[in-house]
Amino acid sequence: MSAEILVELRRCCPPTTFLTTPELIAPYLVDERALFHGRALAVALPETTAAVSELMRFCYTREIPMVPQGGNTGYCGGATPDASGVAMIIALSRLNRIREIDPSSFTLTAEAGLTLADVQQAAARHQLLFPLSMGSEASCQIGGNLSTNAGGLAVLRYGMARDLVLGLEVVLPNGEIWDGLTALRKDNTGYDIKQLFLGAEGTLGVITAAVLKLYPASTQRETAWLAAVDLSAACALLGLARRLLNDCVTSFEYLSLAALELVLTQVPETRCPFAQVYAHHVLLEVSVSGESSDLRRGLLKLFEVAEREQLVLDAVLTETLAQRADLWRLREKIPAAERAAGGSIKHDVSVAIAGVAELVDRASRAVLAEFPAVRFSLYGHLGDGNLHFNILAPATVDALAFRARNAERISMLVHTQAAELNGSFSAEHGVGQLKRDLLAATKSPVALMLMRQIKQTLDPKGLMNPGKVL
Ligand code: 2HG
Ligand code: ZN
């Protein structure tokens, strides 16, 4: 970076630390999956909202592009700068205080750089639950979760990240601070401005803090593993479970046999819950707060009805915390297992729940017609109609070369099938730079016009996270 800008930056933003040496900034220049490599002027580590504001005002006047970055666990390159080397990375990790927790209002005010696990633990200390939950929770940051509207493992019951927010504090591209940190549950006064920044992936401003919704902590929790007859039966099982269990289903995760086998072969100390081999597996978790429900009895009833209706072939209920952890490990380790097996071409598609089986059928046939030797790793949040329709290279070829040559075509085949069923090409991972062209190609002209007008209004100089989303 030019020495003069650095001197000026340090003079204008004295409390902020700037990293400039190649070794120190290197981790900020590559995304989680190493799909994108960028360059940057420097990495700024502001510790307060005022410091973020000063920094952004400086960048705005000098027309320096800004790339906000949280835990850098995203899947679409949304926090990785481009190759120009002119952008300032704004890393939020030092803006990491719990500002307030109000158990009577069931709210927690968190700064952007807290990890998701920090937020969950802060709520738990008051016997409260912050329900957003995902494999990367120890390192992803709440600001990133909100900016990308993250999903995860309990969306079925509690919604996506945007559903868990009451108020936001945002620094706009010119450094102005929007204090929207309201804890009101009802505020029907015109446009809901916070929604613009939730899911905007840092293209409109930087989320610095949020008032989050909390829930009573679960006092009873039961976990079951079931083998479904097929995918349609698994979907029917979901409806049955919601009805029989008083809508207490927190997670309803699907694993195809292939995805499960990947974990069993790649991850040490894992074991299939069943002695027999089944093609379709469901990890089902139910939870309640309070003492009145008998979840175990409800689940046993579910097993009985589901077997009678020929939806399931086998089922187990965990007896110990260790057994529960083992089951969740099977699900949460799938991405790591895919990596260990040479990596995958990932898809994050969603359709209405009733359409999931048809999507899998159509997309599998479309892919196999052109790539008969590929291996599938299908799994995901079936309760949300969201599948990770991931594809591994044929066992006999070089995985990296196969992906480089064929990922685009394979993704096109999968996304086309999702679109034909009115689905989404990005249910929970966002757009970033990976899916930006897909967004441009598939959103309606009116939707694109509205998005571009919003961008132009909030970020007239186009400095916020350039090249992402739009
Ligand atoms: C999950 O559900 C994550 O485990 C990652 O969204 C999905 O790696 C993937 O494809
Ligand atoms: Zn997922």
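Give, as ranges by residue number, the residues of the stretch 69-83 whose backbone N falls under 20 Å from the point 7 Å along Cα→Cβ of His37. Residues passing the 20 Å test: 72-83. Taking a straight line from the alpha carbon of Lys468, these lysines sit under 18 Å away, with near neighbours fewer than eight places off in the same chain left out: Lys435, Lys443, Lys455. Could you tell me which helices of the chain pass both thresholds, a Cα extent of 15 Å or more along their own axis and a mean Kyte-Doolittle hydropathy of at least 1.0, with helices taken as whole DSSP H runs? In the chain, the long hydrophobic H runs are 231-244. What the Cα convex hull of the stretch 125-197 gives, in volume per residue, is 135 Å³.
Taken about its Cα centre, the chain carries a charge dipole of roughly 440 debye when the Cβ of each Lys and Arg holds +1 and the Cβ of each Asp and Glu holds -1. Counting only aspartates and glutamates at least 8 places from Lys301 when in the same chain, those with an alpha carbon closer than 13 Å to its own are Glu309.
In terms of its Cα atoms, the stretch 76-220 spans 52, 37, 27 Å along the principal axes, sorted from long to short. In summary, the stretch 332-385 shows an alpha-carbon radius of gyration equal to 1.23 times the 2.2 N^0.38 Å reference for compact globular proteins. Seen from every direction in turn and averaged, the convex hull around the alpha carbons of the stretch 185-268 projects onto 10.8 nm².
Taking a ≥ b ≥ c as the square roots of the eigenvalues of the Cα gyration tensor, the stretch 259-321 is oblate, since a/c reaches 1.5 or more and a/b is not larger than b/c. Quick check: Cα centre of the stretch 61-134 to Cα centre of the stretch 281-335, how many Å? Each part reduced to its Cα centre gives a spacing of 32 Å.
What longest region of the chain stays clear of GluC sites (Glu not before Pro) that DSSP places outside H, G, I, E and B and that have at most 15 other Cβ atoms within 10 Å? Could the numbers behind the result be given before it?
Values: sites that count: Glu63, Glu176, Glu269, Glu291, Glu309, Glu319.
Looking at the chain, 320-470 is the longest stretch - no exposed GluC sites (Glu not before Pro) with at most 15 other Cβ atoms within 10 Å.
Bridgeable lysines around Lys213 (alpha carbons under 18 Å apart, same-chain partners fewer than 8 residues away excluded): Lys186, Lys194. Solvent exposure of Cys248, expressed as accessible area, is near 10 Å², computed with a probe of 1.4 Å over the protein chains only. Normalised by 2.2 N^0.38 Å, where N is the number of residues, the C-alpha radius of gyration of the chain stands at 1.00.
Of the Cα atoms belonging to the stretch 352-470, the radius of gyration and Dmax stand at 16.6, 52 Å. The helix-only estimate of mean residue ellipticity at 222 nm for the chain, built from DSSP H runs of length n ≥ 4 each weighted as -39500 (n - 2.57), is -10500 deg cm²/dmol after division by the residue total. Assuming a ≥ b ≥ c are the square roots of the Cα gyration tensor eigenvalues, decide whether the stretch 126-168 counts as rounded (a/c under 1.5), prolate (otherwise, with a/b larger than b/c) or oblate. Rounded is the answer for the stretch 126-168, as its axis ratio a/c remains below 1.5.
The values are calculated or read from the model by the stated rules, or taken from the named source; none is laboratory data. What you see is a predicted model; the values in this text were computed from it and never measured. Positions of Cβ are generated from backbone atoms using ideal geometry, with glycine treated the same way; all protein chains shown enter the neighbour counts. Keep in mind that these areas ignore ligands, DNA and RNA; they rest on the heavy atoms of the full protein, side chains included. Shrake-Rupley method; radii C 1.70, N 1.55, O 1.52, S 1.80 Å.
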